[in-house]
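Engineer: First the structure, which I've put down as structure tokens, then a few questions once you've had a look.
The values are calculated or read from the model by the stated rules, or taken from the named source; none is laboratory data. These numbers come from a predicted model, not from an experiment. Reconstructed Cβ throughout: ideal geometry from the backbone, glycine too, with neighbour counts over all protein chains shown. To get the accessible areas, we keep the full protein, side chains included, count just its heavy atoms, and leave off ligands, DNA and RNA. Shrake-Rupley method; radii C 1.70, N 1.55, O 1.52, S 1.80 Å.
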Amino acid sequence: QVQLVESGGGSVQAGGSLRLSCAASGLAFDVYSMSWFRQAPGKDREWVATILKYKDADTFYSDSVKGRFTISRDAAKSALYLQMNSLKPEDTAMYYCAAGLWLGDRRSVPGQYNFWGQGTQVTVSS
């Protein structure tokens, strides 16, 4: 059974930092590109960042988080990370990790992903 389990969420003040983790099991982690999405109540799921499969490992960020967030992966641990710095109240959302075999130019499209985690809540207070 494939599982993606997020952790590391919590409540922080604006300007603070959090590091999210996503532990993957039951899949060939190295052949999947991995992404983070977030979703606030009443809003669509929003793409945050992508790191391509291990052999490539290129990274991509949404304009809203570029320069503040860093996505990374650890092949030995089958883990995905999102370092979030300079957090803003607008970053408040449920954060999800996702795995996709073939994203092409559609990395920001939720339907392109094969597996999803259950999410971890991030709350940023002003």
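Engineer: Taking the Cβ of G119 as the centre, find all other residues whose Cβ is under 15 Å away and add up their charges (Lys, Arg: +1; Asp, Glu: -1).
Structural biologist: That sum, taken over residues with Cβ under 15 Å, equals -1.
Engineer: Another one. Over the chain, give the accessible area per residue in Å² for a 1.4 Å probe, as an integer.
Structural biologist: Per-residue accessible area for the chain comes out at 52 Å².
Engineer: Take the Cβ-Cβ distance between V109 and Q13 as r, set R0 to 35 Å, and report the resulting FRET efficiency rounded to the nearest 0.05.
Structural biologist: Here the calculated transfer efficiency is 0.60.
Engineer: Sum up the charges of everything whose Cβ sits under 13 Å from the Cβ of E90, counting Lys and Arg as +1 and Asp and Glu as -1, but leave E90 out.
Structural biologist: +1
Engineer: So which aspartates and glutamates can K66 reach, going by Cα to Cα under 19 Å and dropping same-chain residues fewer than 8 places off?
Structural biologist: Once the sequence-local aspartates and glutamates are set aside, what remains near K66 is E46, D58, E90, D91, D105.
Engineer: So, by mean Cβ neighbours within 10 angstrom, what's the order for 40-47, 29-36, 5-12 with the highest one leading?
Structural biologist: 29-36, 5-12, 40-47
Engineer: Restricting to DSSP loop positions (anything but H, G, I, E, B) with no more than 11 other Cβ atoms inside 10 Å of their own Cβ, which chymotrypsin sites (Phe, Trp or Tyr not before Pro) remain in segment 93-123?
Structural biologist: W102
Engineer: I've got another one for you. Restricting to DSSP loop positions (anything but H, G, I, E, B) with no more than 16 other Cβ atoms inside 10 Å of their own Cβ, which trypsin sites (Lys or Arg not before Pro) remain in segment 50-97?
Structural biologist: The qualifying sites are K55, K66, R68.
Engineer: Same structure, new question: Among the DSSP beta bridges whose two residues both lie in the chain, what percent are antiparallel, rounded to the nearest 5?
Structural biologist: Taking every DSSP beta bridge within the chain, about 90 percent pair in antiparallel fashion.
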